[in-house]
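So the structure is just underneath, and the comments pick up after that.
The values are calculated or read from the model by the stated rules, or taken from the named source; none is laboratory data. The structure presented is a predicted model; accordingly, all values stated were derived computationally and were not measured. Glycine gets a Cβ as well: all are built from the backbone with ideal geometry, and neighbour counts include every protein chain shown.
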Amino acid sequence: MSHPAVEVQGVHYRYPDGQAALRGVSFSIQPGETVGLIGSNGAGKSTLLLHLNGVLLPCAGQVRVQGLPVDGAHLVEVRRQVGMMFQDPDDQLFMPTVQEDVAFGPVNIGLPAAQVQARVAQALATVGAAHLADRAPYRLSGGEKRSVALAGVLAMNPGVVVMDEPSAGLDPAARRSLINLLASLEHTQLIATHDLDLVQDLCSRVLVMREGMIEADSTPDAVFADANLLARCHLELPLGRQRQI
């Protein structure tokens, strides 16, 4: 029997100062699903994402990825299975050239040079950034940086791709290109975002967080039709739906 791609069971987390960030979070994501994670600032979205590859470990409860527990004994394999794209691509891009940046992960897991080159070429082609291979990351536009950061994730061949605000700061054309790219991926995806139109366009399912808990787990249509839920969680309708009212 196949495992869920991601399984979170009763996860609690407190920061060292005692602040409760997650309070009994439970959900699962099946292979191939694209799931949006929404909620107001401080709801716990980013904290939850950091549990999926062991940057943070729960105070109670369990996280499993591809059937593996996310714990000290399995972190190396879990981090090969979960590709994390941070909100600010500058947190991920640090090598002299795009080529070297995308190659960084495959090189550091000991892949042969020919295999590294093949992965880099494929990842850059997938995100439409092959022409940027010799460029310095700091000279790229915001949209180009996000594409290259995603290429670095894809070069590791993860089963699960986790993204924190992938469309933040993008102009309309770059944002649409990103949505089209994410829609073309076959990976399991969990996307934390305030871009509710992206969720409407891209996701088959939405998790709504409020005060460190999952407040709702349903389709975008059901979530955005629930005015009481949106008000309770300090959310608004996607702009596309507002124009229809």
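Return a yes/no flag: does the range 13-27 have any residue that is buried (at least 22 other Cβ atoms within 10 Å of the Cβ), within 22 Å of residue 217 (Cα to Cα) and either out of contact with any helix residue (DSSP H, G or I) (no Cβ under 7 Å at 6 or more places or on another chain) or modelled with pLDDT under 95 (or both). Scanning the range 13-27 turns up no residue that is buried (at least 22 other Cβ atoms within 10 Å of the Cβ), within 22 Å of residue 217 (Cα to Cα) and either out of contact with any helix residue (DSSP H, G or I) (no Cβ under 7 Å at 6 or more places or on another chain) or modelled with pLDDT under 95 (or both).
Filtering the range 94-150 down to residues that are under 18 Å from the mean Cα position of the chain (by Cα) and among the hydrophobic types (A, V, I, L, M, F, W, C), which residue is farthest from residue 75 (Cα to Cα)? Filtering the range 94-150 for residues that are under 18 Å from the mean Cα position of the chain (by Cα) and among the hydrophobic types (A, V, I, L, M, F, W, C), the one farthest from residue 75 (Cα to Cα) comes out as 127.
Yes/no matrix, rows are residues, columns are (1) of a type in the set (A, V, I, L, M); (2) within 29 Å of residue 213 (Cα to Cα); (3) free of Cβ contacts under 8 Å to residues at least 40 places away in the same chain; (4) surrounded by 15 or more Cβ atoms within 10 Å (Cβ to Cβ):
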| residue | (1), (2), (3), (4) |
| --- | --- |
| 65 | yes, yes, no, yes |
| 71 | no, yes, yes, no |
| 75 | yes, yes, yes, yes |
| 86 | no, yes, no, yes |
| 111 | yes, no, yes, yes |
| 116 | yes, no, yes, yes |
| 121 | yes, no, yes, yes |
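Residues of the range 140-178 that are among the hydrophobic types (A, V, I, L, M, F, W, C) and either without any contact (Cβ under 8 Å) to a residue 40 or more places away in the chain or farther than 21 Å from residue 122 by Cα (or both): 168, 170, 173, 174, 178.
Residue by residue, here is whether (1) of a type in the set (A, V, I, L, M); (2) surrounded by fewer than 19 Cβ atoms within 10 Å (Cβ to Cβ); (3) on the phi < 0 side of the Ramachandran plot; (4) at pLDDT 95 or above holds:
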| position | (1), (2), (3), (4) |
| --- | --- |
| 171 | no, yes, yes, no |
| 180 | no, yes, yes, no |
| 197 | no, yes, yes, no |
| 211 | no, yes, no, yes |
| 222 | yes, yes, yes, yes |
| 239 | yes, yes, yes, no |
